[in-house]
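Right, one structure below, let's go through it.
The values are calculated or read from the model by the stated rules, or taken from the named source; none is laboratory data. Bear in mind the structure is a predicted one, so any value in this text is a computation, not a measurement. Every residue, glycine among them, receives a Cβ derived from its backbone with ideal geometry; neighbour counts consider all protein chains shown.
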Amino acid sequence: MGRTASTSALRVAPDEWDPAALPRQTRIRQHLHAVPTLKHTQIPTPPKPEELPIPPPDPRIVRMIAIYGYEVVDGSRSVTQLAAWITREVADHLTSRRAARTERRTLYRDERRTVPVPGPVHLSLSSAKTAEAAVVLQTGARFTAVAVRLEYLREKWRATNLTVL
């Protein structure tokens, strides 16, 4: 009886075929298939970070650094919010410029806050790991230029010099 049921299950049409009706040994064998060997297959190795081409700095990031740098000097933003994109020397320079500007505002009792509107980013690559950019910010009736020198450090573009004119 068991033999006739398994033989009849093997001779059923493909659309009526039910693997649960097969004996256990037959069900296991239907899943086995040959796997090619990996002896002759070349597995590509990922390139080292030094070998990858360095992408140019993103103009959106340069624009963001320029705006944040202006806002730090203006007093409406903290230097720590820009810390991931600048070096320690730039942070110290911006802090000293901020102190001078705050003193000037205090003397003249100027409480106005301005919102900068950036113009286009002018970017030039000096070398593979160095770029220089300029952004003109419009603040009401005044225009302010921001010059940024970027260097590719630790697999990321960082501002090594930032001047708000």
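Yes or no, residue by residue, for (1) within 23 Å of the chain's Cα centre (by Cα); (2) not aliphatic (A, V, I, L, M):
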site	(1), (2)
Asp74	no, yes
Arg77	yes, yes
Trp85	yes, yes
Arg98	no, yes
Glu103	no, yes
Tyr108	no, yes
Glu111	no, yes
Pro116	no, yes
Leu123	yes, no
*Evaluate the range 100-112: report whether one residue or more is in the same structural domain as Ser126 (by TED's automatic domain parsing), aliphatic (A, V, I, L, M) and modelled with pLDDT of 75 or more.*
yes
*Which residue pairs have Cβ atoms closer than 8 Å, lie 6 or more positions apart in sequence or on different chains, and pair a first residue in the range 111-125 that is of a type in the set (Ser, Thr, Tyr) with a second residue that is modelled with pLDDT under 95?*
Thr114/Asp74; Thr114/Thr139; Thr114/Gly140; Thr114/Arg142
*Does Leu125 meet the test of being within 16 Å of Ile65 (Cβ to Cβ) and surrounded by 11 or more Cβ atoms within 10 Å (Cβ to Cβ)?*
no
*For the range 123-165, which fully contained strands (runs of 3 or more DSSP E) count at least 1 residues that are modelled with pLDDT of 95 or more, over 23 Å from Val73 (Cβ atoms) and touching a strand residue (DSSP E or B) at 6+ places or on another chain (Cβ under 7 Å)?*
130-139
_Residue count, the range 62-77 (criterion: surrounded by fewer than 17 Cβ atoms within 10 Å (Cβ to Cβ) and either out of contact with any Lys or Arg (no Cβ under 7 Å at 6 or more places or on another chain) or of a type in the set (Lys, Arg) (or both))_ = 1
*For Asp110, which of the numbered conditions (1) outside any helix (DSSP H, G or I); (2) surrounded by 12 or more Cβ atoms within 10 Å (Cβ to Cβ) fails to hold?*
(2)
*Which of the residues spanning the range 128-162 are surrounded by 16 or more Cβ atoms within 10 Å (Cβ to Cβ) and among the polar types (S, T, N, Q)?*
Thr144
